[in-house]
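Comments concern the structure below.
The values are calculated or read from the model by the stated rules, or taken from the named source; none is laboratory data. Being a predicted model, the structure only gives us computed values, none of them experimental. No Cβ is skipped: glycine too gets one built from the backbone with ideal geometry, and neighbour counts run over all protein chains shown. With ligands, DNA and RNA removed, areas are computed over all heavy atoms of the protein, side chains included. Shrake-Rupley method; radii C 1.70, N 1.55, O 1.52, S 1.80 Å.
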Amino acid sequence: MKIHTNDNNTSTLKLLIAANLAGKKLELQKSTFEDQFSGPKCLPLLEVDEELTFFSSNAAVQYLFPILDLSQNGQCQQMQEWEATRLQPAVANVLSGKTVPSDVKQVLQSLVLVLNDLLKKHKYIIGEKLSAADISIWSTLYPLIYNEESKLYLSECSYILQWAEDLNKAKAFQEAVKQWGGNPKGPFSNISALGTPQITNLSTPSGSPDDSVAISVSQEEADLAQENWLNGLKNLQAPIKQEKLVLPVKDRKNVLITSALPYVNNIPHLGNIIGCVLSADIFARYCRLCDYNTLYISGTDEYGTATETKALEEGVTPRQICDKYYEIHNSVYRWFNIGFDYFGRTSTPEQTQIVQKLFLKVLDNGFMSTQSVEQLFCEKCERFLADRFVEGTCPHPGCAYDGARGDQCDKCGKLINAVELIEPKCKVCAHRPTVRPSEQLFIELGQLEPSIRSWISSVEGNWSGPARAVSRAWLREGLRARAVTRDLKWGVPVPLDKYKHKVFYVWFDAPVGYTSITQCATKQYEKWWKPDKDYDVKLYQFMAKDNVPFHAIMFPASVIGANEGHKLVDYIFATEYLNYEEGKFSKSRGVGVFGTDAQETGIPSDVWRFYLASIRPETSDSSFNWTELCTRNNSELLNNLGNFCHRSLSFCANTFKGKIPEMSFTNTDYMLFALVNREVVAYVQNMEKGRLREALRHVMSVSRLGNQHMQSEQPWVLLKGSPEEKIRGSTAIAVCCQLVALLCTLIAPYMPDTSRKLKAQLNLPDTSFRINPSNPALFQYIPEGHVIGKPEPLFAKIEQELVDTMRAKYAGTQADRAKQNGAVKTGASANVADLEQAIAAQGEKVRQLKASTKDKTVWQPEVNKLLELKKQLTAAQSQPVTDIASLEKAVAEQGEKVRKLKASTKDKTVWQPEVNILLELKKQMATAQSSVATPANVASLEKAIAEQGDKVRKLKASTKDKSVWQQEVNLLLDLKKQLAAAQAK
């Protein structure tokens, strides 16, 4: 094996270490950037043999030193991607020998703190064993760690320093350093630019880690840029008329977009949001910028066992659960500015009609069969138990977890057949079920497999990597018949008399929700889902990879089996998983930041949208990190994008009274336009392929080019010079304003609020901000002489203190946080006191936010929260209290409050409401004291205890989550205490 490399390339150090650890010999061969290789111009290059060459140093490290624990493979790749796209550029900029800007220092410091936190928990980067991630990161940090001047960046990172020293003692590392030509004690030459990804913007790399970006521009590119500038606006097609009812249009590209239907039994967390609805929204907004005729629909998935289980836990009906969580989802998505054309739900008459029609057609075409299935039957409840309605001990060897569900064990993670559970019990009544046969309907996927394979092979080139990987894995194993019916009550009824007590399995009915929601939105769903051949309709679907089988295999099989000309998906843009800090998001356990939590932070929704898009797990799992959220807001949004836009428009406003000056371009300007056009072309290419994270990087590169242009031109100096220099200075300002207009367009899909603010500052109508996808380029967005509006800052700094507070606040689970944040205490007075304290704290938070910004979107959610707390206080104060001890305490506290108020003011309007509360409390106490020893009271208490005891038993049988039933247990104990006191009278 041979390494082609150049001097001082730290990526070469990675390969040498990995080879030494693997016991493989490598030959070093000096090369230059000009050497011809059949791949990206990036060194080092690992040549294994004539047929296998690695151009990515991190991929080469994994080849030489593979990770043996496959469960950690994704995490290792994630850390290597982080090293290549974030850490390596930061280190390179710091060690460049030039003056290091403060924002660059801040980026590096935040990155090493993230790494230090990892090593605080584990011996190595991803656990207790050395991995390729350690090799890559150690090599990148090597010049930083052993350089006394640069080492200051690690002064607070004791865990990194200890980890680095431990690795440096290893023979494989020491030998690699010698081969590389370095010395652990220094001195160092500047590390090679070729050893760093060729990324011109530290915070937002504009290409893949090992791609080089040339900075030269040909005259041909400059000429083309000039042509686009002069005629680009003329070449745009007429803007499409936005109709309230969106139906396909002839001679236009018609885009139908769906996002995976979020299940309705919980609040969506950030992983759910970026995995489906936010990604789809970004793409839909992009399509509208391109004048595609666009319909974006989604809704809540409402049928199935999870809904019934949640309804049981909360003591309500499935319909009530769906109504409750539909509103929660709708509210969360509205706050995130998810611009659905229609947000529906699956529990509608339209859904029932379309599902039943599809089923009957597949049945008539001979693709349905019946099978007898062994299922658990609860004789006490008189029904078959769905998987989630049964619990028991896990049957898998070595596990024996006693809280395993009928479909999966949460401890070992393995799938379970419910009848195999050890000591199973019904979650409703805790009775032990018996095994009985139940006849179910199955769809014969095996018969449909040839058609599915043929279709997938024709379209999967348009799918994202995770979508292709999952669908291919399913096809490798071969398709087998799959049940489409279940013994449940909550679902779409099977339209056959023999099966009238069964409903359709949620996997079969949920994807049909896209068509029924389209029907609710348009009343003519077939125009989208069974389009006429004269209409160009493309279907795009967004989801996390766990939903791919249903969209790539199951639902297509159903509509192929129906054979009614149903539209099949053209593009599946699936993602990997978003993790939370060092763990995993979990709806069931309440781990992570949820949609409602994001609203409470006071951080604008656009910042959340930007950050989630920037870490979208497109090729491997990624992680949400509070420190990185802060850093990206401050360095990328505030210092890069916000700084450029505000400076440019402020120069125009202050120097030319807001009027765009005349422009006199030189070839240098057109070369700048050519560089900008490269980024716009890459933006469109990535958007069209669903690579939203990559497209965002190119947006930020446009902003970086604008900042560089302003700094190099220095219009504030030119405008004080000769007539020629003044023309150059005014042109520079006009160019920057044009770039602001371009940025306003490009960021619109990601940050709609920010884009709207910029549009107002530019004083231009919405129709001015468009993209030509067939010829993406900068054109004249703003005419000369146009008067802009008032420039204002777009972003605010996020302080580290807020980040630390948020990290602590959202640690643990939702149940843990509910306890820590003051779960309601027994007795109204305690609840009132808690609410008053919360109102005081929230009021202060609102005052500080209003003082710091005029941006209503920042503080309005906090105002809403304050109003809700006040509403709860009013309700709590009006609640009668029956516990005498609590009433006595409440009367004492309220009396003290009244005395203090009367002493502080003579204004009766201030203290009279509190006097009224005191009188009401005294009245309640008198009533309670007079009734405590009566026989009627004893009887009512005994009845209440019996009812409460039954309620507790059912709750404990339905769930092991103590937070669900503990408050009911406390109430039962309090009732028993009252009964004992009453009987003693």
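Here are the numbers:
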read-out: Cα-based shape type of the stretch 508-616, given that a ≥ b ≥ c are square roots of the gyration tensor eigenvalues and the cut on a/c is 1.5; value: prolate
read-out: Percent carbon-and-sulfur accessible area, the stretch 277-360, ignoring ligands, DNA and RNA, probe 1.4 Å; value: 49
read-out: Per residue value of the accessible surface for the stretch 341-444 (all protein chains in place, 1.4 Å probe), Å²; value: 49
read-out: Å² per residue, accessible surface of the stretch 603-694 at 1.4 Å; value: 29
read-out: The stretch 600-733: proportion of alpha-carbon pairs further apart than 23 angstrom, %; value: 46
read-out: Relative contact order of the stretch 648-767, defined on C-alpha pairs under 8 angstrom at six or more residues apart (%); value: 27
read-out: Accessible carbon and sulfur surface of the stretch 390-450 relative to its total accessible area, %, 1.4 Å; value: 50
read-out: Pairwise Cα inverse-distance average, inverted: Kirkwood Rh of the stretch 376-468 (Å); value: 15.8
read-out: Nearest-10 value in Å² for the accessible area of R482, using the 1.4 Å probe; value: 80
read-out: Protection-proxy order for peptides 509-518, 250-259, each taking the mean of Cβ atoms within 10 Å per residue, highest first; value: 509-518, 250-259
read-out: Length-normalised contact order of the stretch 476-606 in % [C-alpha pairs under 8 Å, at least 6 apart]; value: 16
read-out: Per-residue SASA entry for I560, accessible area with 1.4 Å probe, Å² rounded to 10; value: 40
read-out: Mean separation of Cα contacts under 8 Å, 6 or more apart, over the residue count of the stretch 382-445: relative contact order %; value: 28
read-out: Ordering of 788-799, 238-249 by burial proxy (mean other Cβ atoms within 10 Å per residue, highest first); value: 788-799, 238-249
read-out: Accessible surface of the stretch 635-711 [probe 1.4 Å, protein heavy atoms]: carbon and sulfur percent; value: 51
